[in-house]
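Note sheet for the following structure.
The values are calculated or read from the model by the stated rules, or taken from the named source; none is laboratory data. Quick caveat, the model's predicted, so the values are computed rather than measured. Every residue, glycine as well, gets a Cβ built from its backbone with ideal geometry; the counts of neighbours run over all protein chains shown. Accessible surface areas use protein heavy atoms only, side chains included; no ligands, DNA or RNA. Shrake-Rupley method; radii C 1.70, N 1.55, O 1.52, S 1.80 Å.
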Amino acid sequence: MNKSSFYTYLPVGERELDWGLYMTTCGYHEIPPRVVFPKEDHPSVYQFDPAIGRILPEYQLIWFVQGQGTFISEPTGTIPLKPGSVLLLFPDVWHSYRPDPTTGWTDYWVGFNGSYIFEMCRRGNFSPSVPVFPIKNPIQITGLFEEIVENVRSNPGTRAFHYSADILKILTHCAANLDQPKSHEVSGKEQIFQEALRLIWGWSYRTLTIDILAESVHINRRTLERYFREMNGRSILEEIHHCRVVRAQRLLENTRLPIGRIALMVGFSSPDQMRRVFRETQHSSPEHYRRIHQ
């Protein structure tokens, strides 16, 4: 190692595996122009030759502070890497990347793994087909990476799962840049719809009727129903049921709470009502859904 780089690899034990999200490695590079990349020797599973590429056994986040380069993978082909962007590498996906020899680059990275990030990707929150995220607040991202590296360097005995919150913060910044809608002037209709939608997802665990909702957004019931049909293709009642079903599904998947308690927690008037809505929307009973997904 030299003054222009730092890297380390953390031990992973049963505690980390049970935690669900843990860091495996972190570091930074300063690659000057026209310098061989990479400069260091790493464990064989991480060893990297840009001409050959590699397949990792875990995830990595790489933050490019200065310079530019290129990235290539099977899902993306060749795409540019620019300062102010985060690259997310996925396990079992062949890839390669290298700095532009005329600019070099400065980058930070963290490697991580666990059931939590696996589940996030399984649900489609992140995909190998979209691995690069332009970041709107680079100072915050640089601070997060610097904090991780400095903490590891200053506290070498810290367990790998202690950094899970920092990794989640970085992933949150990446996710915030996915599918950003183009700025446009919001119409009065859209404002009312969005406010009603917010109220549904905030109040759905309580008694909530269409009349209560219409009164809360200061519009008549018929007009509000029309706005919902036009803007999301569901009626107000269907949206309320959708909200309650989504939350019930998470509880059925991840807890052993009784069906009756889940029904009341998410806003259904009774377990029978939840079963009826599940049959109508999921073509399954809550009990069957739990058996399949737990």
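Brief remarks on what is shown
- In the chain, Cα pairs under 8 Å separated by at least six residues give a relative contact order of 15 percent.
- Shape metrics for segment 113-169, restricted to C-alpha atoms - Rg then Dmax, Å: 13.6, 36
- Residues with amide H under 5 Å from that of Tyr22, placed H, sequence gap 5 or more: Asn113
- Taking the chain as a Gaussian network of alpha-carbon nodes connected by springs under 10 Å, the highest mean-square fluctuation of the residues Gly157, Gly267, Gly111 belongs to Gly267.
- Overall, the ratio between the Cα radius of gyration of the chain and 2.2 N^0.38 Å, rounded to two decimals, is 1.26.
- Here the sum of -39500 (n - 2.57) over DSSP H runs of 4 or more residues, divided by the residues of the chain, equals -13000 deg cm²/dmol at 222 nm, to the nearest 500.
- Extension gain for Thr255 to Thr78 (0.36 nm times residue separation, less C-alpha to C-alpha distance): 59.4 nm.
- Three-way shape label, segment 6-154, alpha-carbon gyration tensor, a/c 1.5: rounded
- Nitroxide proxy distance, nm - points 7 Å out along Cα→Cβ at Glu14 and Ser235: 5.4
- When the chain is treated as a GNM with alpha-carbon contacts under 10 Å, the residue of Cys121, Cys174, Cys243 showing the greatest mean-square fluctuation is Cys243.
- Segment 42-145, accessible surface, carbon-and-sulfur percent (1.4 angstrom probe): 58
- Solvent-accessible area of Met231, all protein chains in place: 70 Å² (probe radius 1.4 Å, heavy atoms, ligands and nucleic acids excluded).
- Difference of contour (0.36 nm per residue) and Cα-Cα distance, Leu168 to Glu287: 39.6 nm
- Applying 1/(1 + (r/R0)^6) with r as the Cβ-Cβ distance of Asn125 and Thr102 and R0 = 51 angstrom yields a FRET efficiency of 0.90.
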